[in-house]
Structure formats: structure tokens, C-alpha cells
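All of the numbers you see were taken from the coordinates with simple rules; none came from a lab. Quantities reported herein were computed from a predicted structural model and do not represent experimental measurements. Positions of Cβ are generated from backbone atoms using ideal geometry, with glycine treated the same way; all protein chains shown enter the neighbour counts.
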Amino acid sequence: MPSAIFRSTPVRLTVLLGAVFGLSLVITAAIAFVLVRQELAARVDQSVADTFAIIARANTDVDDLQESVDNHSAATLDDDSIYLLQDASGRRLAGNVTTAGFAEGWSTVGSDTLENAEPGVDYRVLSGPIGQYRLTVGTNLSEVDEVAMLMLTALGWAGAVLVALVAVAGVFVAVRGQRRLEQISSTMADVGRGDLRARIHLSRRNDDVDRIGRDVNVALDRLAALVEGMRQVSVDIAHELKTPLNRMGIAIEGAIESNERGADVTPMLEQAQAEGRTINSTFDALLRIAQIESGARRARFTDLDLAPILENIADAYGAVASDNQQSLELIQEPGLPQVHGDADLLTQLFANLVENGLRHCPPGSSIIIGAARQASHLVVTVSDTGPGIPEAEREKVFRRLYRLEKSRTTSGSGLGLSLVKAIADLHGARVSLGASDPGLVVRIEIPVARSA
Amino acid sequence: MRILVVEDDQRTFEYIRKGLLEAGHVCDVIEDGTDALAHATREPYDVMVVDRMLPGLDGLSLVKALRSAAVKAPILFLTSVGGVDDRVEGLEAGGDDYLVKPFAFSELMARVNALARRPPPQASAEKTKLSVLDLELDLVRRTCRRAGKDIELMPREFSLLEYLMRNEGRVITRTMLLERVWEFHFDPQTSVVETHISRLRAKIDKPFELPLLHTVRNTGYSLHA
């Protein structure tokens, strides 16, 4: 369990964040310490130089100098400062140290080189000539060290409090994040067990976890709809196949009876065969739709002209239409742009639409295929003067095996428009149904090829 | 004809073998793709019928291997998946025709016959005139005559007649016509073929004494004297 907790992203982030905080605190403290020390040292130097100037200003009279140095020496507490006045030969005239002398100018000396000095503390010393005498003034650096120490202590405490707070906040965030992740994980486990209604609970914060949660929920909605669709389709397929299977059974039974009577069984067997073909063509269409929907065909797309495809269809079905006392006409704009697609599938798409018109329209109807460019799309319409489709039913006709109630009795698998939709979707084309008063207009908008 | 059938489903190959033997052909059946490759590179066949799904070597790889081994015999693919992709893949692999299961034997036979008598590619280009009895088709001038009388044909009727004449005496199925003449690789719900055949018949047969275009019941059509 502890290793599991450490593998969780929020906990790892918290630990990482804490470490980064601590490290940056140490670096900041070190930089501040160095800067403050430098600043304090500069101030000490300034104060030593000031004192030196004050004493020097007194004058060059040796008694005055002596007095001034003595006064300063006397005012010194705890050996904080050192003063020394020497004559040219180095003999001490006044001051609180007895050392032989100091180097000219600025120097830092350890307390071990001095008498009457605070042990373990360095002194900052300025030594220079005043007339024929030599004056030395110095101050110890204990104050600098004390301030620096104080600062380090303060930073240390602040750091400790900060790290503690980060740790507490981190654990809080980690536990909460962990809990939300666990909730997502348990939701997905429910889904995995087959409960497609399970959804991830979203907070009101709308943060990244919520965004992922929302995406997952949307995907689950779609999945649930798909599964429901599949379930519906399997039920529909079962129903669809029951009729021909039933008829086939009857035909075979009839054939057996006829055979026993010694009568001709061929017509009945032919009927059974025809029913078998119906079943097969339903399966074929379903498999084809599934294959088209898988999108693999897109790899074979080429830029192609729709005109010869439409002409071929008009030619193939024109004769069928006139035999049915219907008319089929193709009206296309000259110089249509190319589209990116699959010629076989597009042929089937338009053939299906024309066949729908031929089969559902009474004699005397006319069917018109129109093709024109509209901006970035090639729009092909197949319109007829038949009974049309009621508006409420127009979306449903794309569903697999859906048939209008009144066309239940006519032939056809109820898969023609599903196939049309699948092929159109594969080509990124939009299919819409409308009324042509009277009749039906099917409109296919195919994006023109990029090169066109 | 000597025909090799590569198919692992026993019922299917028994059905095919029985039909081919009855039609007077010699038929060998091999159930495994790898065996078929070894056998077909040694023995000369007039036509091969190859299932797409085979144990050992699948049908597609088998045909590719045969073609790269310079085996030129025409090949008919069989498949249970009625997809367009499979057809294109099969043809690209070196197959010559394609038949989707379940199929009627007459369809298989018609296709095997059409494949077997397919002339070599260069020969077909040389032929500019086709004739059956007193019916003549000029492929260059796109004209049709019967018994010395000019017959006016629509472009598609011309292709339909050309295909039937090239396969004189052979049964051509409705599906074969749809594929070759209209490039329809699906099963139309309306009588496209029947309509065009009857129109063609009205032009080339009706005005004359002897009919040339015959309907073969439950199968298709055949053009012969």
C-alpha cells in the first residue's frame, strides 16, 4: 500500500514540489546571507573610516591626539573597538592595544594577534599616518556575524514552517486528487463490468480532472448509444430474417409433401432458393455497411470525375425507368470539379438513390439527377415526383432495416439508405432529405477534391 | 479443362468438384495453401479456383507467390466476405476474377469458362472485328451489322454486345454483365440487365429469323447461332 501511494501522481507531485521548495529556500537563504554580510562589512568599514577621520581631524598636536585616542579607548565597551597611536619609531603613545603595529591601510586581523581583544573574533583595522604619528582604528566584526546568524535562524524557521505547510497542503491535495482518480477508476471498473450508465462525478471546479471526466462521460454516452443501436439492430435483423426463414420453411415443407405425393417439387424449391437469396443479400448489405463504416476503403480513394459515374447510372436506369413508364433525366453543370473518393462506392450510392425512386414512385413519375458546384461542395440531388417521405420519418430512414410502414410490403431490404449514408459519411459528404412538392429530394453534398 | 481448386471447406470443394466433373473437366482439390503453391508451380492448369481463407498460406499470399513464380494460369478467387476491398485486393495480388460465397455453381462455371478462354492480352488488341453467324461488330468504327443491314446501337448496348460476342457460346451471368458492362459491383434491386438485354434483343434478333441472344434459365445469357 505505501508503494502504491507513492506511485500516485498527486503524491509524487507533492513530494517533488516540497523538494523544489526546500532547495530554493536554501539557495535563497545562502544568497541573502552573502549579500547581507557584504553590506554589513561595508558599513563596518565606513564606521572605522569615520572614527579615523574624527580623531585625525582633531589636529597634529600630539597631546590632543593622545587625549582623543584615550577618550575613544575609554568609551569602548567589551573590546568592541581598538585604538592605537604610535610615534614614528613605533612607540605606543595611547590606545587600548599593545601590539607592535599594523600594516598600512586596511587589514583584517584575528583576535589572537591582539591583546585585550575578544577571542575568536576578527577585527577590521585601518592604519595610517597623521603627521609624524601613526593612528590605527579598528572594530570587531562580531556584530556582523551576529546579524548574519540571526538572519540564518530566521530563514531557517521560516523555511521549516514553509516546508511543513507545503507538506500539509501537499498531503491534502494528494489525498483529494487520489480520491477523485480512484472515483474515475471505480467508475471505469463499473463500465467494464457492463454498467454503461455509470458516469464520472464532476466537481464544480472545471479543472483538468473534470475535463477528462467530461470527455470520458461523453465517450460513455456515445458508447451507450452505440451499444443500444447494436442491440436494436440485432433485434431488427432477427425480425428481418424471420420472415424469409419462415417462408423458406413453408416452401421446403411444401416440397416434401409434394415429393411424397410424387408431384413436381421444382417450383417450391425455387421459391426456397429465392428466400435464401433474400437472406443472403440482407447479410451482404449489412456486411458491406459494416465494412464501409470501418473506413478502410478510404485508403483507395482517388480524385475522380463524378460526371461519367452519373452518366453511367442515367444510362443504366434510363431504360428501366421508361419500361416502368417513368422518366429519368440527368441535368449536370458542365465542368464539374473532381471529388476525392471511390468510384465503385459512389456508383452504388447514386444507383441506390435512383433505384429507390424507381421502386417507390408510381408510373408517370419523373426522377431527376442534378449535379452542380456550390462553393467547396459538389451537390448532387436525386429528386422524384413520388409519394415522398413524411418529415417526421426523414431521419429514421437512414437507420438500418428501417422501412416506412406503408412500404413494409414492398420489396427491398430497408438497408439502401443506410448504405447511402455509410458511403456518404466515408466521403465526408452530407446527406439530407427534403420535399420536392410533390415527392422527395435527396441531396448529397460532397467536398470537392483539394486539387480541384 | 484441367482445373485446380484450392479450398479447405469440404462441402464447398465437393460441390465444386462434382459440378466440374459433370461438366467434363478434370479437377484437383488441395486444401492447404502451402501444398497448393508447391503443386501449382509444377503442374500446368488451365484455371485455378482459390479460396481467400486457407490453412498454411492464405489465398492472397498464395496467388502473389504463384504470380512471382511466373505461373500464368487464370485465377478465380472465392471469398465469404462480400466486400469491395477484397475484390480489389484480390485483383491486385494477381487474381483475374472474384466470386463471393455463397454462389451458384452456374455462376462459378460461367466465370471459369470465361477465364479459360480469355485470350492472351496482346492478341485481344489485334482483333478489330467480331462476328457471330451473320452478326458483325466493327470495334474500330463502332458499327454493328446483321445480314448486311446496319443496326444502330447505344454505346452501352455496344459494350454489352461486344462482351457477349467475345464470349460467344459461353454462358455469361447477370452479375458478370453488371461488373463488366456497367461496372456495378453490387446487386441492383431493379431489372437493369433484363431491360438492356431485351432492348438489345429487339435490335439484333427481333427483325431476323434466327435468334442469337439466348436466355439461360436461372443463370444468364449466351450468344450463339
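Annotations for the structure displayed:
- Treating each Cα of the stretch A:101-245 as one equal point scatterer and applying the Debye formula with no solvent, the log10 of I(q)/I(0) at q = 0.09, 0.10, 0.20 Å⁻¹ comes out as -0.62, -0.67, -1.15.
- For the segment B:154-164, counting C-beta atoms of other chains within 10 Å of every residue's C-beta and taking the mean gives 1.
- For residue A:97, residues with placed amide H under 5 Å, excluding near neighbours: A:83
- One Cα centroid belongs to the stretch A:142-192, the other to the stretch B:176-225; the line between them spans 86 Å.
- Computed lengthening from residue A:373 to residue A:24, 0.36 nm per intervening residue step minus Cα-Cα distance: 119.1 nm
- In nm, spacing of pseudo-spin labels at residue A:270 and residue B:152 (7 Å Cα→C-beta vector): 3.7
- If R0 is taken as 56 Å, the Cβ-Cβ distance between residue A:232 and residue A:157 corresponds to a FRET efficiency of 0.20.
- Positive minus negative residues near residue A:358 (Lys, Arg vs Asp, Glu; Cβ under 12 Å): -2
- Residues of the stretch A:418-452 with an amide N closer than 11 Å to a point placed 7 Å from the Cα of residue A:394 along the Cα-to-Cβ direction: A:432-437, A:440-443.
- The packing ranking, built from the mean of other Cβ atoms within 10 Å per residue, places the peptides B:104-112, A:226-234 in the order B:104-112, A:226-234, highest first.
- Counting charges near residue B:3 (Lys, Arg +1; Asp, Glu -1) among other residues having Cβ under 12 Å from its Cβ returns a value of -1.
- The local environment of residue A:171, defined by Cβ-Cβ distances under 13 Å, has a net charge of +3 under the rule Lys, Arg +1 and Asp, Glu -1.
- Neighbouring Cβ atoms from other chains, within 10 Å of the Cβ of residues in A:341-349, number 3 on average.
- Between the stretch B:58-74 and the stretch A:329-369, the Cα center-to-center distance that results, in Å: 39
- Note on the stretch A:265-325 and the stretch A:200-233: Cα centroid distance 37 Å, given to the nearest whole angstrom.
- Long-range tail of P(r) for the stretch B:2-116 (Cα pairs > 23 Å, %): 16
- Ranked list, fewest to most other Cβ atoms within 10 Å of each Cβ, for B:168, B:43: B:43, B:168
- Least to most buried among A:106, B:182, A:157 (fewest other Cβ within 10 Å first): A:157, A:106, B:182
- Placing a pseudo-label 7 Å from each Cα along the Cα-to-Cβ vector at residue A:202 and residue A:37 gives an inter-label distance of 5.7 nm.
- The overall shape of the stretch A:167-311 is oblate: from the C-alpha gyration tensor, with semi-axes ordered a ≥ b ≥ c, the ratio a/c is 1.5 or greater and a/b is no larger than b/c.
- Shielding by partners for peptide A:274-287, expressed as the average number of C-beta atoms from other protein chains within 10 Å of each residue's C-beta, is 2.
- The ranking of B:89, B:157 from fewest to most other beta carbons within 10 Å of each one's beta carbon is B:89, B:157.
- Residues residue B:141 and residue A:219, FRET efficiency given R0 of 51 Å [Cβ-Cβ distance, rounded to 0.05]: 0.20
- Under the Karplus curve 6.51 cos²θ - 1.76 cosθ + 1.60, θ = phi - 60°, whole-Hz ³J(HN,Hα) for the stretch A:27-33, x wherever Gly or Pro sits: 5, 4, 4, 4, 5, 4, 4
- In chain A, the longest principal axis of the Cα atoms and the axis of helix A:416-426 are about 30 degrees apart.
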